[in-house]
Amino acid sequence: MTVGTKLHQTISQLKSCAGNLQGFALDTDDPQAKQMFTSASQQLDQIVQQVNARTNYVEQQEPTYKMGQMAQQAAQQQQQQQQQQQRQQTTQTMHQPQQRKQQARPRDGR
């Protein structure tokens, strides 16, 4: 695996983590937790920009580190799949307590 590939994978993972944190911020009602998740997500966005800049520099200096278009698309698809899985897990987690409450209610109205 080349340095370029590793850098692009790292960027994809960082973006995925930032997306997860944004999702947590949206899911919570606690103002302090919401602020913490939002702040952490913004910090990761800044790190992504810095790593992107470094990746561009490395690829300009050493063209052999440059990823091909297909590899970039694969990394993006992997990131999208991870984000979709996180959203599905969040949605399932949000609906589970409601389902349990509905199951716990007696049917005869007592």
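The values are calculated or read from the model by the stated rules, or taken from the named source; none is laboratory data. Worth saying up front: this structure is predicted, and the values here are computed from it rather than measured. Cβ coordinates were reconstructed from backbone atoms using ideal geometry, including for glycine residues, and neighbour counts include every protein chain displayed. The accessibility values were calculated without ligands, DNA or RNA, using every heavy atom of the protein model including side chains. Shrake-Rupley method; radii C 1.70, N 1.55, O 1.52, S 1.80 Å.
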| Matching residues in the range 28-59 - criterion: being touching a residue at least 40 places away in the same chain (Cβ under 8 Å) and open to solvent by 40 Å² or more (accessible area, probe 1.4 Å) | Asn52, Arg54
| query | Taking interchain pairs and intrachain pairs at least six residues apart, which have beta carbon atoms under 7 angstrom, with the first residue in the range 81-92 and closer than 10 Å to Gly19 by Cα and the second of a type outside the set (Gly, Ala, Ser)? | reply | Gln86/Asn20
| remark: Of the residues in the range 11-27, those that are polar (S, T, N, Q) and either outside any helix (DSSP H, G or I) or touching a residue at least 24 places away in the same chain (Cβ under 8 Å) (or both) come to Ser12, Gln13, Ser16, Asn20
| field | Members of the range 28-46 that are part of a helix (DSSP H, G or I) and more than 14 Å from the chain's Cα centre (by Cα) | value | Pro31, Gln32, Ala33, Lys34, Gln35, Met36, Ser39, Gln46
